[in-house]
Amino acid sequence: MKTSWRSASLAATAVSVMALTAACGSDNAPTPSSAAQNVGATAAAGGYGSVGAATSSPSTGAGNGYGADGQQAAAAEPAGQLTVANNPDLGKVLSDGAGLTLYRFDADTANPPKSNCDGDCATAWPPVPADDATAGAGIDKALLGEVTRTDGTKQLTVGGWPAYRYAKDVNAGDVNGQGVGAKWYALAPDGKKATLASLPGLSVKKDAKLGDIVVDKNGHTVYRFLKDKAWPKSVSNCLGDCAKKWPAVGIVSANDTKGVQKKGLMGFTRPDGVKQMTVNCWPIYTFSGDTAAGQTNGQGVGGTWYAVSPEGKPVGAPAE
């Protein structure tokens, strides 16, 4: 009986996917239910918009490339008893004994643990010493470990990931390092990237200035590029350096969305081989200059980049 129910469910899902695919041309790729969203892991050093230009937060995208230019090397403060803070945009975030947010770096590895942040990088992102770190409430002490850095010091690891502070976080609860360079993310208590697990792959957020806009599973604003095409098939004209500044949103199951128009909600394969999601057949992106959930620093950049409405329209763009 279970096998029959599952077969029927899969068949229904396949029919739904085929219907969506036909809406934007037969060359487009289907939307597998098991696919995860790709929010991008790289950011360009320049071009296609100034990172942080429209935010009051400190600039995090220029200079030495680590997001804390001109900062002096911070003393290696002990971690103390680690705690779990509840952030409204990121959910449960790991903090040190002083309440400062801890981060992980995408260029590092967890198995085996290895830090690839030295020199200027370690000035902007001070490694957290492993010596006195203890697990507070809600933290599995078995996930705490250490890795020997190139200078011989011991750095705290969480779930295998080396842990860092951010030089621009000065107050308990600050998360100014979130998303910097699309490589730095706040740590969850289990060592994964902190995120609100309750957010679907794509959903709708009401922005104070723009109204209803689409956001990804991390709460980051989703954008459209006016130079793209939707018909007769989806075409992205943001490749190369542009794609580093504006990472393509990866495939999201239609069932993993909330409030977004289902028609034309599908995926396609770009010329560079990247699989990209669409809303109403229009390719969608995030912006490397949005370093925290809810930011809209990409809005209006170059007169060609705009947040996306639930119907796939470019919010605030000139009349098409």
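The values are calculated or read from the model by the stated rules, or taken from the named source; none is laboratory data. Since this is a predicted model, take the numbers as computed values, not measurements. Here Cβ is always computed from backbone atoms with ideal geometry, including for glycine, and neighbour counts include all displayed protein chains. Side chains included, ligands, DNA and RNA excluded: accessible areas come from the protein's heavy atoms. Shrake-Rupley method; radii C 1.70, N 1.55, O 1.52, S 1.80 Å.
Things to note:
- Gain in span if fully extended, Trp231 to Arg149, counting 0.36 nm per residue against the direct Cα distance: 24.3 nm
- Averaging over all projection directions, the Cα-based convex hull of the range 120-195 occupies 5.5 nm² in the image plane.
- Part-to-part distance (alpha-carbon centres) for the range 134-163 and the range 293-320, which is given in Å: 41 Å
- √(5λ) per eigenvalue of the Cα gyration tensor, the range 123-267, largest first, Å: 37, 18, 15
- Dipole axis of the range 80-175 (+1 Lys, Arg; -1 Asp, Glu on Cβ), positive-most option in Thr157, Gly173, Ala135: Ala135
- Solvent-accessible area per residue for the range 111-150 (1.4 angstrom probe, square angstrom): 53 Å²
- Reachable lysines, given that their alpha-carbon falls under 26 Å from the alpha-carbon of Lys114 and they are not under 8 places away in the same chain: Lys92, Lys141, Lys154, Lys168, Lys183, Lys192, Lys193, Lys244
- Looking at the range 134-190, none of the trypsin sites (Lys or Arg not before Pro) sits in a DSSP loop with at most 12 other Cβ atoms within 10 Å of its own Cβ.
- Measuring max minus min along each principal axis, the C-alpha atoms of the range 248-292 give extents of 29, 28, 15 Å (largest first).
- Where both bridge residues fall in the range 194-285, DSSP classifies roughly 95% of the beta bridges as antiparallel.
- Cβ charges +1 (Lys, Arg) and -1 (Asp, Glu), total dipole of the range 164-221, debye: 100 debye
- In the full protein context, the range 177-253 carries 38 Å² of accessible surface per residue, based on a 1.4 Å probe and ignoring ligands, DNA and RNA.
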